[in-house]
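Okay, structure first, notes after.
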Amino acid sequence: MDIPKQYDPKQAELHHYERWETAGYFAPEINKDPNAPVFTIVIPPPNVTGSLHMGHALQHTIMDVMTRHKRMTGYRTLWLPGMDHAGISTQLMVNRELKKEGKNRHDLGREKFVERVWKWKADSGGQITVQMRREGASVDWSRERFTMDEDLSRAVREVFVRLYEDGMIYRGNRIVNWCPQDQTVLSDLEVDKAPQAGKLFYLQYPVKGSDRRITVATTRPETMLGDTAIAVNPNDERFRDLVGAIVELPLTNRDIPVIADEYVDMEFGTGAVKITPAHDPNDYEMGLRHKLPEVVVIDQFAKMTKDAGDRFAGLDRYKAREKVVEEFEQLGLLEKVVDYEFSISRCERCKTVIEPLISTQWFMRMDQLRDLALELMSEKHKPAFVPEVPYERIYTNWLENLRDWTISRQLWWGHQIPAWYAKNGEVIVARSEAEARAKAGTSDLTQDQDVLDTWFSSALWPFSTLGWPNITPDLKTFYPSSVLVTARDIIFLWVSRMVMMGAKFMGREPFDDVFITGTILDSQGQRMSKTKMNGVDPVEVFDKYGVDATRLTLAQVGTTDIRWNEKQVESYRNFANKIWNAARFCLLNSDGASVDPSFLVVGPQALTPARVTTQAQVGNTAGEDACGPSIHDRWIISRLNKTAVSVNQALVEYQFHEAVQTLYHFFWDDFCDWYIELTKNDVTAEEASEQRDMARSRLITVLEQALRLLHPFMPYITEELWQRLPGVGKQSLHPAYADAEPTIMLAAYPAGDTSLIDEEAEWEMQATIDLISRVRNIRSEMNIKPGERVRILVGAPDERLRNVYNSAVAQISRLVRASEISISDRLEAPRASARAVLVGGAELAVPLEGLIDFDQERQRLRREQEKLQSEATKLEAQLQNSSFVERAPAERVAEVRNRIADIAQRTSQLQQTIENLQ
Ligand SMILES: [Zn+2]
């Protein structure tokens, strides 16, 4: 058997993916069972500009684990990949390229610019699809979609037209979030709000025909040039007599009224507020209520307009602010300026301060759509969020407070709005220009210049990717999808909108479940971000530790936030090496063996192997049937089935962490540390024999099952090893894949057979393992040389336990190098013995006379005791120090306390041993 000594992950990663992909194993068509259940995931489409980051790697790992698991279980699986055209991000990317050439998009014109973006996509977009192949993501590339594909664009136009015809899309003049840098409108969700230190300016406005002044407080004095009223609360005694009065607006020659509105917060500032309907969303609403004029004083470049007055026109908004304050001061109308922290809105992408502007945009009314989504939740509990708390609440609360969605964007890259304007001002919304001409009865039309918000097309993703509006076989088979895996920050932007659109156009939810992953933070607990440069590149981690080890680390993140810890990946790299070495041992001893699942069935006659109940002699292997399964075989079969049952259960319940832990401990502890050790004698026997063949076959069959269980998490190493196993082939595949070439990814996932869970065998093996572990502890604790054989005295009042020990005597003595094992109902041991308590009330002693030098050993133990004592003294001093206890993190304090307790326990153990050595 030719198998390299060292595992090289890169080697395995290089070979298998391409073979899987070209053989069509990722496509649902590989499944030939007409009655197979269906499992579908649509990928959250990464931006075409994007490259793989940890968030993707985490989501992809979880989706791939589920997809591979379902595929091996016989489901017709589709994991559909694709990319988003990412309107603003992509346009900015190409703008930057043009800038290097000394050009901008206007030099090219719309058509050439859009051509340029497509060329950029062809040349440098979609890096992520290459990286996803490295990840091992078993997506069906034959169904890859792009939100700007012709089919998907057709779905976008269809939805737009239908919603327009239903009166749910309208064009209107409204106040919107405007980014003066990107020159586009932004939805509320594309705006970051954060507190910022600033100033609150108290401005005085003279009341006409009186010497009174009304003071208003504002953070944006420059907007006063656009004020059209002062508002007070009708219940505010201080201003009651001023309601209806006229105020002279300083720096302008305009008069404005004092109005009363319940909205005014009497506690804020002076209780009187300036109202600028054109430049503040709340003032805008109040302006509508009181039919106030809208005076636009700031333009789309954040410069003052001519309506701001000649002195201000053309000034930047911040320059204008200084000038306004200066002039108020000169007029003696600046009452005071105080420091003030307030929330400021910035463009999520370029961080420019948002300017609220009144502008003509397209909007989507959300009330009916929102009700459809709320109904799905209240009547069918769809989608089911994992975890349910807090996400279901967050989702429904948000829906309940949903406002209209601004869907137009002043960009060139995206789905151009399917609305045309005739010379007479008529608006025609249509699926195509031809349809628009037919509707208008003229070809003299101009199409709306704006494009749709990127999220408009992503909202249709679960059905537009499957062929909608055509009722395709794919749409019938794969909608709704089974689960959506995503991050919590796009529950509103994306998840809720998909639900609303799915409910509206497909009549049902787009997915059954929504799994919200945790966030991977940097080692300091900070969010990874491009600007902070604290991100960990998953590809670098793949290169260093292998894809499989990285996937295992990511799979167990689950729904909680974690700090990135490379040590964890390293430990799973070690696990991969452990798997490799264990498999290598099995393969090097596989002559005459073959994977054969019949070895995993324990027949009734094998359930009661003969037992020797008298004291057995070392080297006597009596008690084990010549070829039949011995106790450790029954035990590993039981452990294997129990593991399979609980891993399947954990995967169905989205408990990925638990699945990983269960597999890890089964493979490392049960299989490697114990089963291989226990069978070593038999499988490495020099002489070929039926017994050796059977032991080897059984070992390799257990290994094969373990590899299948691990495959969804660690696709590469499991395939690499599985392909080398003797006896695997087409018969190993799930029946749904009968025609495929042998590959572990289509092998049947072990379901686990509860009838093969043998609690008695597990109890017995556990007792033996316990005994062996205790003796090994004593050997290392007492510094007994590895070559020395020890005498073992066991006292067990329980007869059943004595029988277990007796029948395992040969194994025990081999694994602990015993010269003699004496088992009786009561322990009688010389004083100078190392002792331990065993399960089931049994006791163990290892006489030390002749094994070690007592004097020397006592001295060594005393030195250890002293060392521990001085450590404990230091730690206790730390705890006495109140500033440490107050300032150190709670975990650190708890750590110190635990360590002190450990030392105390260890010290008393040492004392006992020292006394025994007298
Ligand atoms: Zn911006």
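Values quoted throughout were computed directly from the atomic coordinates according to the rules given, and no laboratory measurement underlies them. A quick note: this is a predicted structure, and the numbers were derived from the prediction, not measured. Don't worry about glycine lacking a Cβ; one is built from the backbone with ideal geometry, like all the others, and counts go over all protein chains shown.
Overview of values
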{"item": "Dipole magnitude of the chain, debye to nearest 20 (Cβ charges: Lys/Arg +1, Asp/Glu -1, about Cα centre)", "result": "1300 debye"}
{"item": "For the chain: relative contact order, % (alpha-carbon pairs under 8 angstrom, 6 or more apart)", "result": "12 percent"}
{"item": "Dimensions (Å) - segment 467-528, Cα atoms, principal axes, largest first", "result": "50, 19, 17"}
{"item": "Computed E for R862/H665 - FRET, C-beta separation, R0 41 angstrom, nearest 0.05", "result": "0.65"}
{"item": "Alpha-carbon spread of segment 54-208, three principal axes, descending order, Å", "result": "83, 42, 38"}
{"item": "Two-decimal ratio, segment 797-856, of alpha-carbon radius of gyration to 2.2 N^0.38 Å", "result": "1.21"}
{"item": "Inter-site label distance for E566 and W763 at 7 Å from Cα along Cβ, in nm", "result": "4.9 nm"}
{"item": "DSSP beta bridges in the chain [antiparallel fraction, %, rounded to 5]", "result": "70 percent"}
{"item": "Translational D in µm²/s for segment 167-270 (Stokes-Einstein at 20 °C, 1.002 mPa s, Kirkwood Rh from C-alpha pairs)", "result": "130 µm²/s"}
{"item": "Relative contact order [Cα under 8 Å, 6+ residues apart], segment 720-812, whole percent", "result": "20 percent"}
{"item": "Segment 775-918 - percent relative contact order, Cα under 8 Å, separation 6 or more", "result": "24 percent"}
{"item": "Over segment 462-610, volume per residue of the alpha carbon convex hull, in Å³", "result": "258 Å³"}
{"item": "Hypothetical label at K208: residues of segment 219-263 whose amide nitrogen lies under 17 Å (7 Å Cα-Cβ projection)", "result": "226-231, 242-260"}
{"item": "Values of log10 I(q)/I(0), in the order q = 0.13, 0.20, 0.22 Å⁻¹, for segment 407-501 under a Debye, Cα-only, solvent-free model", "result": "-0.62, -1.01, -1.08"}
{"item": "Virtual spin-label span in nm between K439 and K100, 7 Å along Cα→Cβ", "result": "4.2 nm"}
{"item": "Length released on extending from E653 to D753, taking residue separation times 0.36 nm less the Cα-Cα span", "result": "34.1 nm"}
{"item": "Principal axes of segment 216-264: Cα extent on each, largest first, Å", "result": "29, 22, 14"}
{"item": "Inverse mean reciprocal Cα-Cα distance (Kirkwood Rh) of segment 241-316, Å", "result": "13.8 Å"}
{"item": "For segment 24-75, Kirkwood radius (reciprocal of mean inverse C-alpha pair distance, Å)", "result": "12.6 Å"}
{"item": "All-pairs alpha carbon distance profile, segment 792-918, 5 Å steps from 0, percent", "result": "2, 9, 14, 14, 13, 12, 11, 9, 7, 5, 3, 1"}
{"item": "Order of R145, R835 under a 10 Å beta carbon neighbour criterion, fewest first", "result": "R835, R145"}
{"item": "Positive minus negative residues near A440 (Lys, Arg vs Asp, Glu; Cβ under 13 Å)", "result": "-1"}
{"item": "Rounded Å value of the spacing that divides the Cα centres of segment 858-918 and segment 681-700", "result": "49 Å"}
{"item": "Förster-model FRET efficiency, 35 Å R0, F854 and D902, C-beta, rounded to 0.05", "result": "0.85"}
{"item": "Burial ranking of peptide ranges 479-491, 456-468, 842-854 (average Cβ count within 10 Å, highest at the top)", "result": "456-468, 479-491, 842-854"}
{"item": "Nearest-0.05 FRET efficiency for D448 and R508, computed from C-beta distance (R0 30 Å)", "result": "0.40"}
{"item": "Percent of C-alpha pairs per 5 Å bin, segment 343-391, short to long", "result": "5, 14, 12, 12, 12, 14, 18, 13, 2"}
{"item": "Kirkwood-based shape ratio for segment 273-394, expressed as Rg/Rh from alpha carbons", "result": "1.14"}
{"item": "Rounded, prolate or oblate (a/c below 1.5 giving rounded, otherwise prolate when a/b exceeds b/c) for segment 1-47 by Cα gyration tensor", "result": "oblate"}
{"item": "Among V541, T486, S496 - extreme Cα towards positive end, dipole of segment 452-564, charges at beta-carbon", "result": "S496"}
{"item": "Residue list for segment 480-505, given a label point 7 angstrom along the Cα-to-Cβ vector of E400 and an amide N cut-off under 18 Å", "result": "492, 496"}
{"item": "Alpha carbon convex hull of segment 853-904, volume per residue in cubic angstrom", "result": "59 Å³"}
{"item": "Qualifying lysines (Cα of each under 21 Å from Cα of K476; at least 8 residues distant if same chain)", "result": "K32, K70, K380, K382, K504"}
{"item": "Distance between modelled label sites at Q911 and S689, nm, 7 Å Cα→Cβ extension", "result": "5.2 nm"}
{"item": "Value in Å of the Kirkwood radius, where segment 109-180 supplies the Cα pairs that are averaged", "result": "16.2 Å"}
{"item": "Nonlocal amide H pairs with I169, under 5 Å, H built at 1.01 Å", "result": "Y164, R365"}
{"item": "Rg/Rg_ref, the chain, where Rg_ref = 2.2 N^0.38 Å and atoms are Cα", "result": "1.26"}
